[in-house]
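Below is one structure, written out as structure tokens; comments come after it.
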Amino acid sequence: MKKIFVAKILAVFTLISLIPNIAMACACGCGVFDVGTTDMLPTEPGGMAFLEYDFMNQNKNWHNDSSAPAENNDDKRIRTSFYTAGAEYMFNREYGGEVELPYAQRYFKTTEDNGDIGAFRDSSVGDIRIKGIYTGFSEDMSTGITYGIRLPTGDHKDANFDRDTSIGSGSTDLLLGGFHVGGLTDDRKFDWFASGELDQPVLVQNGYRPGTEIDSVIGTYYNDWYIGKMKIAPIAQIIGSIRWRDDGPASNHANSGYERLLLSPGIEADYSNVRLYADIEVPVYQYVNGNQLTAPELFKMNISYKF
């Protein structure tokens with residue numbers, strides 16, 4: 001019965017991820033950093049600690065599916081560095097858990113009420129994420145689901161930041177995801193992977209409801225390149241990101257909501273219990289409602305240690 005119940009949950013997630021691409025929203029869309037390659041997927045019982053750095057410089061005004069004049073948007077730049085410390089532990093080949101503690105530094109350049117251009121900075125702990133992991137579908141742990149919550153621990157009360165540009169969302173969200181890793185060739189020199197996550201706000205504060213967000217990725221990597229004892233894995237992946245419009249009187253409903261497709265080359269290096277990962281994520285298609293700032297590229301670096 002237990003496995004039937006979990007399988008039903010995975011089926012529901014699969015149906016959700018197939019929802020047609022309706023336009024959705026938010027200035028950041030930072031959930032795209034929470035899906036990626038196998039560097040964060042469990043492969044055996046035990047623990048893993050990691051540090052991650054992500055960077056996004058939103059400096060291009062975008063309207064619908066093309067760039068637009070900067071004067072059409074009161075916001076001029078949102079530059080953010082994200083630092084995340086986390087740990088994952090698989091108690092056995094079926095059950096585990098993960099916690100992520102983010103910290104962000106954000107620079108915000110915008111038009112003030114008097115018409116002047118102002119620049120503001122904020123540094124804060126972000127929204128903590130706590131998730132469970134189930135990988136009991138197969139002995140090799142190649143398929144699994146994740147489920148948990150995102151807590152409203154990030155700063156969302158800085159008077160110089162709108163709700164959709166604040167570091168914290170102010171909402172408590174339910175998280176539901178799934179992943180799979182498989183062989184692309186019989187000799188397993190090339191593997192493929194897919195993962196996705198739904199972020200659904202359920203408890204909100206002060207008239208602002210961030211849009212529901214779905215992020216997913218599919219990719220492949222070469223699994224048989226070694227330099228001495230170090231394994232090097234070149235990676236190619238496609239990342240899709242969709243977010244519904246924000247709602248509530250404190251939201252910028254008209255200028256929120258998007259869908260986005262990114263190409264992301266990356267590389268992973270494994271030596272003993274240490275793993276290094278880096279990629280660049282380049283939008284090849286994006287559609288936004290109204291006028292929103294977008295980033296020409298996004299960057300991710302991660303170092304992890306298994307124990």
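The values are calculated or read from the model by the stated rules, or taken from the named source; none is laboratory data. None of the values given here were measured: they were computed from a predicted structure. All Cβ positions, glycine included, derive from the backbone under ideal geometry; neighbour counts span all protein chains shown. The protein model used for the area step is the full one, side chains on, heavy atoms only, and it has no ligands, DNA or RNA in it. Shrake-Rupley method; radii C 1.70, N 1.55, O 1.52, S 1.80 Å.
Rounded to whole Hz and in sequence order, give me ³J(HN,Hα) for the stretch 120-137 from the Karplus expression 6.51 cos²θ - 1.76 cosθ + 1.60, θ = phi - 60°, writing x for Gly and Pro.
My calculation for the stretch 120-137 gives 9, 10, 8, 10, 7, 4, x, 7, 5, 10, 10, 9, x, 10, 10, 10, x, 6 Hz in order.
From the residues Ala233, His180, Gly170, which one has its Cα farthest along the dipole of the chain in the positive direction, the dipole being from +1 and -1 charges on Cβ of Lys/Arg and Asp/Glu about the Cα centre?
Selected residue: His180.
Taking the Cα centre of the stretch 137-196 as origin, sum charge times position over the Cβ atoms of Lys and Arg (+1) and Asp and Glu (-1), and report the length of that vector in debye to the nearest 20.
That gives the stretch 137-196 a dipole magnitude of about 140 debye.
Using a 1.4 Å probe on the protein chains only, how many percent of the accessible area of the stretch 112-185 belongs to carbon and sulfur?
Percent of accessible area from carbon and sulfur atoms in the stretch 112-185: 52.
Using a 1.4 Å probe on the protein heavy atoms, what percent of the accessible area of the stretch 196-307 belongs to carbon and sulfur? Intermediate values should be presented prior to the final figure.
Details: 3210 of 5080 Å².
Percent of accessible area from carbon and sulfur atoms in the stretch 196-307: 63.
Where in the stretch 170-189 does the label zone of Asp140 land, with the point 7 angstrom along Cα→C-beta and an amide N cut-off under 16 Å?
Under 16 Å, as judged by backbone N against the label point of Asp140, lie 179-189 of the stretch 170-189.
If you take the charge dipole of the chain about its Cα centre, with +1 on Lys and Arg Cβ and -1 on Asp and Glu Cβ, which of Ile280, Pro201, Asn291 is farthest toward its positive end?
Pro201
Per residue, how much accessible area does the stretch 111-180 have with a 1.4 Å probe, in Å²?
Ligands and nucleic acids excluded, the result is 42 Å² per residue.
Hey, could you pull the Cα Rg and Dmax for the stretch 123-163, both in Å?
Cα only, the stretch 123-163: 16.7, 51 Å (Rg, Dmax).
Give me the accessible area of His63, 1.4 Å probe, in Å² rounded to the nearest 10.
Estimated to the nearest 10 Å², His63 gives 80 Å².
Top to bottom by accessible area (1.4 Å), largest first, where do Thr212, Thr153 land?
So, going from the largest accessible area down, we get Thr153, Thr212.
Per-residue HN-Hα couplings for the stretch 71-87, Karplus 6.51 cos²θ - 1.76 cosθ + 1.60 at θ = phi - 60°, whole Hz, x for Gly and Pro?
5, 7, 10, 5, 7, 10, 6, 10, 10, 9, 10, 10, 10, 10, 10, x, 8
For labels at Lys231 and Phe190 in the simple 7 Å Cα→Cβ model, what's the distance in nm?
1.9
For the pair Leu151 and Leu101, how long in nm is the line joining their label points, each one 7 Å along Cα→Cβ?
Placing both labels 7 Å along Cα→Cβ, they lie 1.0 nm apart.
Placing +1 on the Cβ of each Lys and Arg and -1 on the Cβ of each Asp and Glu in the chain, which of Leu261, Asn114, Tyr83 has its Cα farthest towards the positive end of the resulting dipole?
Checking the options against the dipole of the chain, the answer is Tyr83.
Please report, in whole Å³, the volume per residue of the convex hull around the C-alpha atoms of the chain.
Numbers: hull volume 39.4 nm³, N = 307.
Measuring per residue, one finds 128 Å³ for the Cα hull of the chain.
Hey, if you drop one equal point scatterer on each alpha-carbon of the stretch 51-135 and run the Debye formula without solvent, what base-10 log of I(q)/I(0) do you get at q = 0.20 Å⁻¹?
-0.93
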